[in-house]
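Only one structure is covered here, and it is reproduced in the block below.
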Amino acid sequence: MNAGPRAQPRRREMAAAASGAGRCRISKVGVGRRPSPARVRVAVRLRPFVDGTAGANDSSCVRGLDSCSLEIANWRNHQETLRYQFDAFYGERSSQQDIYAGSVQPILKHLLEGQNASVLAYGPTGAGKTHTMLGSPEQPGVIPRALMDLLQLTREEGAEGRPWCLSVTMSYLEIYQEKVLDLLDPASGDLVIREDCRGNILIPGLMQKPITSFADFERHFLPASRNRTVGATRLNQRSSRSHAVLLVKVDQRERVAPFRQREGKLYLIDLAGSEDNRRTGNKGLRLKESGAINASLFVLGKVVDALNQGLPRVPYRDSKLTRLLQDSLGGSAHSILIANIAPERRFYLDTVSALNFAARSKEVINQPFTNESLQPHALAPIKLSQKELLGPSETKRARGHEEEELGSPESPAAPASADQKLSPLQKLSSMDPAMLERLLSLERLLGSQGSQGTPLLNTPRRERMVLMKTVEEKDLEIERLKMKQKELEAKVLAQEAADPKEKENCSPTMLRPLARRTVTVAKPLKKAVVMPLQLIQEQAASPNAEIHILKKRGRKRKLESLDASEQSEENAEDCWELQISPELLARGRQKILDLLNEGSARDLCSLQRIGKKKAQLIVGWRELHGPFSQVEDLERVQGISGKQLQSFVKANILGLLGLAAGQRSSPS
Ligand code: ADP
Ligand code: MG
């Protein structure tokens with residue numbers, strides 16, 4: 001018979017979701033990471049008979065079947081056995097190294113990913129929990145082996161040149177009669193267990209010792225263990241009646257951008273004996289202890305059941321132990337439960353009870369995630385802009401706190417100096433300091449939640465630099481355009497000063513420089529005044545002198561560049577149409593006709609668009625056909641088309657009439 005309950009997958013999900021830590025898990029998922037479910041792993045270790053207790057009357061009631069399963073006699077029916085299957089089964093001959101390498105070592109790597117891990121030794125008193133967790137100098141257990149490996153791992157991963165800087169701290173506590181006692185600082189008394197806004201379980205005031213080597217660890221751990229042993233001697237087996245919790249924290253800080261930080265917690269727990277104290281006949285203090293132990297382990301059983309059944313409320317808070325294990329059971333940790341059992345018949349009921357608990361535990365689903373956020377100094381430059389807002393006294397007051405954050409030995413100095421160039425972000429300095437502080441808190445929260453939403457302030461450094469570069473370029477361009485505008489304004493003012501009348505003839509819009517380099521605009525209206533030379537003199541006397549205006553054809557042109565004004569003036573020639581009074585036109589045509597009929601070839605060459613060859617052709621035609629009766633007769637001359645005639649008349653009429661170009665507005 002397989003005694004392990006079979007929970008439905010949906011029930012497991014509900015169970016995980018129902019856990020307190022589960023509710024908060026999203027808030028701690030690293031950017032882009034989704035929590036992947038991890039079932040609580042369960043291993044069973046059967047210890048050998050100790051001190052030659054095996055005899056004819058005390059044969060083993062448990063037998064291993066393979067590396068994952070075992071069977072135990074069914075006390076209700078001696079013909080049957082109860083069979084259990086777990087993730088691993090370690091028999092009497094298994095070594096400390098087998099347990100460690102098979103079930104504990106594989107989860108250590110998660111600590112370096114910023115995830116939590118827990119190892120719990122469960123079972124009745126005398127079944128080998130302490131042996132498994134602590135062992136002896138000859139046979140070191142899980143704790144010394146894990147510490148040795150973890151310190152080695154952190155040394156390698158945190159070595160110079162690696163992206164992360166790692167540090168390890170240890171705390172060691174005991175839960176005895178529902179009191180949390182600091183074994184590294186026994187005078188501290190009962191400590192409280194709290195949960196922060198991100199669902200992290202923490203114990204304020206708990207001593208944390210930094211450790212860099214195994215010798216460091218031993219220096220703190222051995223006296224602390226003696227604190228416990230002294231108690232055990234005085235109180236007779238107190239150590240079996242308390243839960244011993246070794247907490248090892250691995251803190252990681254990224255040395256390069258984006259300067260993330262991660263924290264992985266490892267709980268190594270030697271639980272109090274799970275035997276049924278009602279059967280022991282305890283009285284007095286022992287009964288009180290039993291009650292406390294029963295309460296903790298009873299609640300632990302209820303927590304496991306609630307998780308398995310997907311109950312809406314998981315009673316973590318009903319005992320100190322379960323409150324502490326909140327993120328190890330149905331929470332954020334990679335957890336391994338090692339159920340220790342003994343072969344002796346006198347342990348039979350406690351062994352069955354332990355195996356049933358272990359079987360229920362293996363159905364619990366955890367949701368491990370990376371506990372990651374940005375290091376405080378990564379946001380410090382923005383705080384600096386806030387500091388700019390403060391007066392000198394406030395700045396001085398604020399500096400203490402900032403230096404504390406920036407002065408961490410692991411904090412590289414580079415980001416602060418580089419980020420001081422964040423001119424666009426410094427616009428935040430115009431923000432209310434209280435609002436800015438709130439934004440920063442929100443930013444930290446979102447960062448730790450791995451929010452996919454709009455980042456507020458923690459634009460990744462690379463994107464931020466690109467953004468800043470673009471803004472800088474834009475600033476430079478604006479500056480350059482402003483300079484150009486000033487130059488143009490100065491030029492126009494100088495022209496106005498030199499000739500104030502011109503102002504009247506010029507459209508004010510022509511003086512205004514354009515804000516952008518490339519823009520489509522209508523060409524401004526140009527005026528050209530053309531008048532005969534004698535009229536110029538007459539105009540001086542008479543304000544009603546006749547003028548002739550060049551009218552715009554109404555063509556639009558794209559303005560290429562402000563510097564192209566010279567060229568645009570030349571091109572503008574095509575845009576204008578000459579209008580001359582009919583009287584002047586008739587006079588001009590007559591003059592041309594006279595020259596055509598009377599002029600020599602040389603005279604004709606003086607005309608516009610008439611070369612030597614054409615002049616000879618005209619003279620030849622005249623000799624052959626007689627005088628030209630009108631200018632249009634030129635069309636008959638070989639090589640002169642009607643179109644050419646038009647431009648010929650236009651080109652020559654002014655010169656022959658003695659006309660001169662008068663005032664002409666200067667283009668912009
Ligand atoms: P618990 O902590 O569960 O009360 P202990 O670890 O103190 O139990 O073990 C009780 C006794 O059994 C100790 O003397 C211990 O050395 C011994 N023992 C436990 N497990 C083993 C094992 N696997 N091999 C040899 N001796 C063991
Ligand atoms: Mg023990």
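The values are calculated or read from the model by the stated rules, or taken from the named source; none is laboratory data. None of the values given here were measured: they were computed from a predicted structure. Note: ideal-geometry Cβ built from the backbone for every residue, glycine included; neighbour counts use all protein chains shown. Note: areas computed on protein heavy atoms with side chains; ligands, DNA, RNA excluded. Shrake-Rupley method; radii C 1.70, N 1.55, O 1.52, S 1.80 Å.
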- Item | Whichever residue in region 192-226 is small (G, A, S) and over 19 Å from P140 (Cα atoms) and, among such residues, is farthest from the chain's Cα centre (by Cα) | G205
- Item | Long-range neighbours under 9 Å by Cβ, at least six apart or interchain, first residue in contact (Cβ under 8 Å) with a residue 60 or more places away in the chain within region 477-492, second open to solvent by 90 Å² or more (accessible area, probe 1.4 Å) | L488/R512
- Item | Complete set of residues in region 101-130 that are away from ligand 2 (no atom under 15 Å from the Cβ) and surrounded by fewer than 24 Cβ atoms within 10 Å (Cβ to Cβ) | A101, G102, S103, Q105, P106, I107, L108, K109, H110, L112, E113
- Message: Where the second residue is more than 16 Å from ligand 2 (Cβ to nearest atom) and in a helix (DSSP H, G or I) and the first is modelled with pLDDT of 95 or more and open to solvent by less than 20 Å² (accessible area, probe 1.4 Å) and lies in region 87-99, which pairs have Cβ atoms under 7 Å and are six or more apart or on separate chains?
- Response: A88/G102; A88/S103
- Message: I want to confirm something. Restricting to region 307-348 and keeping residues that are touching a helix residue (DSSP H, G or I) at 6+ places or on another chain (Cβ under 7 Å) and small (G, A, S), which single residue is farthest from L246 (Cα to Cα)?
- Response: G310
- Task: For region 141-149, state whether one or more residues are within 17 Å of S225 (Cβ to Cβ) and within 8 Å of ligand 1 (Cβ to nearest atom).
- Result: no
- Item | Residue among A257, A224 that alone is outside any strand (DSSP E or B), modelled with pLDDT under 90 and either open to solvent by 10 Å² or more (accessible area, probe 1.4 Å) or within 16 Å of ligand 2 (Cβ to nearest atom) (or both) | A257
- Within region 102-114, can one find any residue that is touching a Lys or Arg at 6+ places or on another chain (Cβ under 7 Å), under 28 Å from D251 (Cβ atoms) and within 12 Å of ligand 1 (Cβ to nearest atom)? no
- Candidate set: region 264-285, residues that are at pLDDT 90 or above and more than 16 Å from ligand 1 (Cβ to nearest atom); chosen: the one surrounded by the fewest Cβ atoms within 10 Å (Cβ to Cβ): Y267
- D594 versus (1) open to solvent by 60 Å² or more (accessible area, probe 1.4 Å); (2) at pLDDT below 85: which is the lone unmet condition? (2)
- Task: Sort out which residues of region 182-212 are touching a Gly at 6+ places or on another chain (Cβ under 8 Å) and open to solvent by less than 40 Å² (accessible area, probe 1.4 Å), and write them in order of number.
- Result: D182, L191, G199
- Contacts under 6 angstrom Cβ, first residue in region 127-148 being under 18 Å from L247 (Cβ atoms), partner within 16 Å of ligand 2 (Cβ to nearest atom) and of a type in the set (D, E), 6 or more apart: K129/D270; T130/D270; M133/D270
- Message: Pairs needed: first member in region 623-645, more than 16 Å from S600 (Cα to Cα) and in contact (Cβ under 8 Å) with a residue 40 or more places away in the chain; second member anywhere, part of a helix (DSSP H, G or I) and of a type outside the set (V, I, T); C-beta distance under 6 Å; at least 6 residues apart or different chains.
- Response: V631/R589; V631/L593
- Could you count how many residues in region 92-115 are within 22 Å of T154 (Cα to Cα) and among the polar types (S, T, N, Q)? 4
- Message: Going residue by residue through region 131-138, is there one that turns out to be within 16 Å of ligand 2 (Cβ to nearest atom), within 38 Å of the chain's Cα centre (by Cα) and within 20 Å of I107 (Cα to Cα)?
- Response: no
- Query: Is it fair to say T154 is among the hydroxyl-bearing types (S, T, Y), within 16 Å of ligand 1 (Cβ to nearest atom) and open to solvent by less than 20 Å² (accessible area, probe 1.4 Å)?
  - Reply: no
